[in-house]
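Novice: Take a look at the following structure, please.
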Amino acid sequence: MMQILDSEKEQKILPLFRLAFRPFFLAASLLSVVSMLLWGLFWAGNVSLASYMYSNPVWWHSHEMLFGFTGAIIIGFLLTAVQNWTGNPGVRGWKLAIIFAFWLIARLAMFSSTPNVIWMLIDLTWMPLAAGFLAHPIIIRRQWNNLFFAPLIVLMTVLNALFHLIALGLVDIPLRTVSFATVMVISVIVLVVGGRVIPFFTWRGTQTEQITRIKWLEYGALVPSWLLLLNVLLPVPENISVFTLPTLLIVTALMNLIRFIRWRSLSTAKVPLLWLLHFAYLAMVIGMLLLGLHFWSGSVGYSLALHTLTVGGIGCMILAMIARVSLGHTGRALQLKPLMVVAFAALILATLSRTLLIALYPAITIQAYVVSAGLWAFSFAIFTAVYYPVLSKPRLDGRPG
């Protein structure tokens, strides 16, 4: 009887709002396409486009890719995953539509308006709402090991507030300080989630021997990650942080590299859904190592190190995850369309253009920015086109979700 009632209620909900991954994966991907096209055109010389970038192109690019895009993907993923973790139905229907509406209004404002307290308040609403809906079933089921995601979302909201206060000229904090802290919060989420799912997905996808988790290695990979986050977020004296920050970045990178080596990456060569996940995790590790070297000796440029982590690590992890999650949660076989393999390859090329190409040929840095932005937009445009029918239509098996 419960299943019948659930099915009847489900049929009354627009398919796009039956679980959080649907609207957020689709809209965030489209947002990144438009944002990256604007960013690429701006660097190509169309400086008048700054009027569509909240009157501050660098702030806008950093904010929208970290919060508008990545934040939306994280929320879509967690509000979907919590249903699997707890067995409680995920947020859906009008409640989900309200969260999404706040996100969407803020994004439209970021495209065409100037800094305003009203837009700040709207943009600071959707994440805490999502954190509440995430925490509620976890607390009911007493799954304390997953509860930390909710305060991390609240922490991202605080960092988002600092971003807006910088734009409004109300605080005197360097943009790089806040954006770096935000990247570290996102990186910890990616390392935790990636460490849980990549070995499992690899085992299932390659039909090889199960990849066991070694307790000391898991702690060795994650404890430095959390200490790194604390070092970035807490007011550590500069004369101490100048040693602790690069040390923690390098230790986190090396321990996660040891963890990664056990995941049998070579076995994934013929499975695109897996090899992009592995590439992304390796890019996360390399990006953290490069950031450590930057802060330690200045031998590596900050932008190169950061974008190894953000484009190669976070960006590729997002595309690989949303491609898989969208299939699994709509009752489809985990089989990629050939066009998505092109999207995966394009995003790897975007990473290499933004990092390796600039390192080898610094004279063409601006051109590399434009190429990388274009490749990113091309990659996520493919995802948006291929997955629109997947995300906007009911599950193939008729089940809720």
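The values are calculated or read from the model by the stated rules, or taken from the named source; none is laboratory data. This is a predicted model, so every value here is computed, not measured. Cβ sites come from the backbone with ideal geometry, for glycine too, and all protein chains shown count toward neighbours. Remember, those area values only see protein heavy atoms, side chains included, never the ligands or the DNA or RNA. Shrake-Rupley method; radii C 1.70, N 1.55, O 1.52, S 1.80 Å.
Novice: On the principal axes of its Cα set, how long, how wide and how thick is region 263-401? Give whole Å, largest value first.
Specialist: Here the Cα extents, ordered largest to smallest, are 57, 32, 26 Å.
Novice: Right, next: Computed over the Cα atoms, what is the radius of gyration of region 112-169 divided by 2.2 N^0.38 Å, N being its residue count? Numbers along the way, then the final one.
Specialist: Working: Rg = 14.1 Å, N = 58, 2.2 N^0.38 = 10.3 Å.
After normalising by residue count via 2.2 N^0.38 Å, the value is 1.37.
Novice: In whole Å, what three semi-axes, largest first, describe the equivalent ellipsoid of region 209-328 built from its Cα gyration tensor (square root of 5 times each eigenvalue)?
Specialist: Equivalent ellipsoid of region 209-328: 28, 17, 13 Å, largest first.
Novice: Shifting gears a bit: How long are the three semi-axes of the equivalent ellipsoid of region 1-137, in whole Å, if each is the root of 5 times an eigenvalue of the C-alpha gyration tensor, listed from largest down?
Specialist: In descending order, the three semi-axes are 33, 14, 12 Å.
Novice: For residue 92, what accessible surface area do you get with a 1.4 Å probe? Give it in Å², rounded to 10.
Specialist: Accessible area of residue 92: about 50 Å².
Novice: Rounded to the nearest 500, what is the 222 nm mean residue ellipticity of the chain from helices alone, with -39500 (n - 2.57) per DSSP H run of 4+ residues and division by all residues? The partial results should precede the final answer.
Specialist: Details: 17 runs with 286 residues, N = 401.
After summing the helix terms and dividing by the residues of the chain, the value is -24000 deg cm²/dmol.
Novice: Sticking with this structure for a sec: Tell me the Kirkwood hydrodynamic radius of region 92-139 in angstroms, computed as one over the mean inverse distance between distinct C-alpha pairs.
Specialist: The answer is 11.5 Å.
Novice: Right, here's the next one. May I ask you to give the average projected area over all directions of the convex hull of the Cα atoms of region 112-255, in nm² rounded to one decimal?
Specialist: 12.0
Novice: I need the phi-derived Karplus couplings for region 376-386: 6.51 cos²θ - 1.76 cosθ + 1.60, θ = phi - 60°, integer Hz, Gly and Pro marked x.
Specialist: Working through the residues one at a time gives 4, 4, 4, 4, 6, 5, 4, 4, 4, 5, 5 Hz.
Novice: Only Lys, Arg, Asp and Glu count, each charged at its Cβ (+1, +1, -1, -1), so figure out the dipole size of region 1-147 about its Cα centre, rounded to 20 debye.
Specialist: That gives a dipole near 340 debye.
Novice: Where a Cα-Cα gap under 26 Å defines reach, which lysines qualify for residue 9, not counting those fewer than 8 residues away within the same chain?
Specialist: Cross-link targets: 95, 393.
Novice: Given a cut-off of under 8 Å on Cα pairs at least six residues apart, what relative contact order in percent is computed for the chain? Mind dumping the intermediate values first?
Specialist: Values: 516 pairs, mean separation 77.5, N = 401.
Relative contact order of the chain: 19 percent.
Novice: Counting alpha carbon pairs within less than 8 Å and at least 6 residues apart, what relative contact order, in whole percent, applies to region 1-134?
Specialist: Dividing the mean separation by the residue count of region 1-134 yields 32 percent.
Novice: Over the chain, with every protein chain in place, what whole percent of the accessible area is carbon and sulfur at 1.4 Å, could you tell me?
Specialist: 70
Novice: While we're looking at this one, here's another question. Under Stokes-Einstein, with the Kirkwood radius over Cα pairs standing in for Rh, what whole-number D in µm²/s applies to region 172-246 at 20 °C and 1.002 mPa s?
Specialist: Answer, rounded: 148 µm²/s.
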